[in-house]
Amino acid sequence: MSRIRALVVDDSAIMRHLVSAALTRDPDIEVVGTAGDPLEARAAIKALLPDVLTLDVEMPHMSGLEFLEKLMRLHPMPVVMVSSLTHQGAEAAIEALSLGAVDCVGKPVNTGAGEIFVDLAAKVKAAARARVGHRTAAPPSSVAADYKSNGLVLGVGASTGGVEALLTFLSSFPETCPPTVITQHMPASFTRSFADRLDRQCRPKVQEAFDGAPLLPGHVYVAPGGTHHLSVSGSGALRCRLGDEAAVSGHRPSVDVLFGSLARVSGAASVGVILTGMGRDGAEGLLAMRTAGARTLGQDEASSVIYGMPKAAFELGAVERQAPLSRLASMALEACRQDRSAA
């Protein structure tokens with residue numbers, strides 16, 4: 001099997017070296033070249049034909065975001081963004097993911113502190129398998145204005161490709177949507193910016209989850225990245241719980257932890273949805289939900305950026321129904337809709 005050809009784009013010579021070193025440690029990846037700005041990158045793409053691009057956000061001549069937008073429009077290819085961990089860097093990373101970048105990594109704060117970019121090679125290898133192409137706007141909402149939820153809790157899990165998928169999924173949610181809890185694999189400093197972006201673009205109130213937050217209709221809670229697991233606890237009045245236990249299924253936060261808690265606490269009074277992502281996180285938890293009587297849905301292969309997590313869940317028997325991303329929101333909302341005859 002041929003090695004994955006990567007092109008490293010960053011205006012910092014030190015960062016180009018660090019990214020290249022992290023990638024070449026993996027025998028499955030070959031760094032075929034580097035570029036210091038988008039103009040050099042454009043020429044290098046034509047000359048070297050890389051499989052994957054790592055791209056800095058802030059560069060001279062043209063920002064990484066401007067370059068990414070043009071690239072995804074004219075020559076779509078897998079891109080992993082490399083961003084600072086500042087608030088501004090997080091905002092830019094979320095924008096890049098919504099434009100079609102496959103994944104993102106944070107720049108190290110201290111470049112001399114041991115091994116850095118430990119997960120970059122895995123993200124580049126996943127990106128090489130990703131489905132990328134021309135992005136289309138989310139379909140307009142077809143949910144009735146009088147939508148009322150029936151008390152069920154909706155749990156959603158996603159990873160690679162999940163930013164764009166969740167933007168599409170939640171765009172058709174009404175202000176009166178069911179209480180929704182989301183675990184999206186993302187660096188620790190990025191999830192607040194992601195929740196804020198969802199809040200600006202969607203009708204429900206979207207916020208980063210905090211310990212003790214009550215699960216209310218019309219509210220969506222996003223697990224804080226990298227530091228805590230998000231679970232649901234309580235009897236009757238359910239609340240978010242944040243725990244700092246060790247990683248589960250290789251992740252913290254873990255989709256398995258969220259789904260497992262819904263299986264125990266809500267059982268048949270919940271709905272689980274698993275979206276695009278690398279690996280198997282969420283498969284066991286979603287199976288527990290289905291065994292407990294919950295409705296369970298999975299994104300299909302054709303619409304997934306990475307058909308890893310949904311595939312693992314489907315093959316395990318955890319997914320009751322599989323569907324394209326464009327249909328999943330309406331299916332989940334319908335499962336949580338109050339019967340008009342009971343209203």
FRET efficiency estimate (nearest 0.05) - Cβ-Cβ, Asp28 to Ala269, R0 56 angstrom: 0.80
How do Tyr307, Tyr221 rank when sorted from fewest to most other Cβ atoms within 10 Å of their own Cβ? Tyr307, Tyr221
Please report the Cα spread of the stretch 153-342 along all three principal axes, rounded to whole Å, starting with the longest. 45, 33, 32
Listed by chain and number, the residues whose amide H is under 5 Å from that of Val153, excluding neighbours fewer than 5 places away on the same chain and using placed H, are Ser270, Val271
Just one of (1) 76, 53, 44; (2) 64, 40, 38; (3) 60, 60, 38 is Cα extents along the principal axes in Å as worked out from the coordinates here. Which one is it? (2)
Virtual paramagnetic centre 7 Å along Cα→Cβ of Asn150, amide N under 20 Å, in the stretch 163-198: 173-181
What aspartates and glutamates does Lys148 reach when the alpha-carbon gap must be under 13 Å and sequence neighbours fewer than 8 apart in one chain are set aside? Glu175, Glu334, Asp339
Is the C-alpha gyration tensor of the stretch 4-128 telling us rounded, prolate or oblate? Criteria: a/c under 1.5 is rounded; beyond that, a/b larger than b/c is prolate, otherwise oblate. rounded
Lys, Arg +1 and Asp, Glu -1 on Cβ, resulting dipole of the stretch 4-128 about Cα centre, debye, nearest 20: 260 debye
With +1 on each Lys and Arg Cβ and -1 on each Asp and Glu Cβ, how big is the dipole of the chain about its Cα centre, in debye rounded to the nearest 20? 740 debye
Report relative contact order for the stretch 190-256 in percent, whole number only (criteria: Cα-Cα under 8 Å, sequence separation at least 6). 27 percent
How much length, in nm to one decimal, is gained on full extension between Ser233 and Thr176, taken as 0.36 nm per residue of separation minus their Cα-Cα distance? 18.3 nm
Lysines with Cα under 27 Å of Lys125, excluding same-chain neighbours fewer than 8 positions away: Lys46, Lys70, Lys107, Lys311
Using the Karplus equation 6.51 cos²θ - 1.76 cosθ + 1.60 (θ = phi - 60°), what ³J(HN,Hα) coupling, rounded to whole Hz, does each residue of the stretch 261-268 give in order, writing x for Gly and Pro? 5, 5, 4, 6, 8, 9, x, 5
Cross-link candidates for Lys123: which aspartates and glutamates have Cα within less than 12 Å, leaving aside residues fewer than 8 places away along the same chain? Asp26, Asp103
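All of the numbers you see were taken from the coordinates with simple rules; none came from a lab. Bear in mind the structure is a predicted one, so any value in this text is a computation, not a measurement. When we count neighbours, we look across all protein chains shown, and the Cβ atoms used for this are built from the backbone with ideal geometry, even at glycine.
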